[in-house]
Amino acid sequence: MNLNEQYAHFRLVARTLWNFGFRPYKELSDGANQMAFQRIVESLFQVIMLGPGPFYNGTELGFRFPLVKESQLKIKVVPSYPTSQIHVGNASEEVDSYTYGVPMLDAGTGPIDLEFVGPYDWDTVGIRDFQYIMVRIVSWREHEEFEGRLALIEPFYASLEIVSLPDSSL
């Protein structure tokens with residue numbers, strides 16, 4: 001099932017909530033409230049991306065961003081074009097000093113398997129757009145040296161598809 005329309009709506013709701021509901025008020029945009037906002041975003045994701053519909057019945061799926069490798073929720077991210085830019089990260093696990101963009105590569109024409117990790121924005125206190133999708137590179141025939149690393153891709157150049165859910169036989 002393609003989730004592009006739902007993801008576009010999720011981004012709109014999440015960025016509107018942050019930019020107009022949290023960011024303008026210093027007391028709402030501090031570190032503690034950023035964690036509260038993160039939990040809200042996780043709930044928004046669950047409701048907007050997975051329901052209402054055949055994949056969500058209103059019960060808590062128990063996932064958190066970033067989605068971990070062991071998560072039962074699997075969303076595949078497929079580059080839309082061979083020229084879709086992938087910003088490869090400098091490590092395989094998310095850390096505070098994580099950097100992206102070196103190298104920045106085209107997706108290419110060979111097989112590439114990207115797993116959705118979560119929405120991503122460079123800014124955590126200013127205006128946010130959730131401009132990127134954070135992915136885990138599961139396999140990439142043209143660049144095997146980057147398998148296992150986290151990377152970023154813009155949603156305009158990718159398609160999101162549900163692969164599996166908890167207690168699902170997709």
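The values are calculated or read from the model by the stated rules, or taken from the named source; none is laboratory data. This one's a predicted model, so the numbers in the text were calculated from it and none came from an experiment. We place every Cβ from the backbone using ideal geometry, glycine too, and count neighbours over all the protein chains shown.
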Exercise. Determine the pairs where a residue that is under 19 Å from Pro119 (Cα atoms), located within the range 20-40, has a partner that is among the small types (Gly, Ala, Ser) and modelled with pLDDT of 85 or more with Cβ atoms under 8 Å apart, the partner being 6 or more residues away or on another chain.
Key: Arg23/Gly126
Practice problem: Give me the pairs, please: first residue somewhere in the range 93-115 and surrounded by 15 or more Cβ atoms within 10 Å (Cβ to Cβ), second residue anywhere and modelled with pLDDT under 65, beta-carbon distance under 6 Å, and either six or more positions apart or on two chains. | Solution: Glu94/Pro66
Self-check item: Pairs where the first residue, in the range 128-153, is under 15 Å from Lys74 (Cα atoms) and in contact (Cβ under 8 Å) with a residue 24 or more places away in the chain and the second is aromatic (Phe, Trp, Tyr) and part of a strand (DSSP E or B), C-beta under 7 Å, 6+ apart
Solution: Ile133/Phe116; Ile133/Tyr120; Met134/Tyr120; Val135/Phe116
Quiz item: If you take the residues in the range 68-84 that are among the basic types (Lys, Arg) and under 16 Å from Leu160 (Cα atoms), which one is modelled with the highest pLDDT?
Solution: Lys76
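State yes or no: is Thr109 in contact with a helix residue (DSSP H, G or I) (Cβ under 9 Å, 6 or more places away or on another chain), at pLDDT below 90, in a loop (DSSP other than H, G, I, E, B) and of a type in the set (S, T, N, Q)? Working first, answer last.
Working: in contact with a helix residue (DSSP H, G or I) (Cβ under 9 Å, 6 or more places away or on another chain): yes; at pLDDT below 90: yes; in a loop (DSSP other than H, G, I, E, B): yes; of a type in the set (S, T, N, Q): yes.
Yes.
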Quiz item: If you go through the range 21-38 one residue at a time, do you hit one that is in a helix (DSSP H, G or I), modelled with pLDDT of 65 or more and closer than 23 Å to Ala158 by Cβ?
Solution: yes
Quiz item: Of all residues in the range 110-127, which are under 17 Å from His87 (Cα atoms) and among the hydroxyl-bearing types (Ser, Thr, Tyr)?
Solution: Tyr120
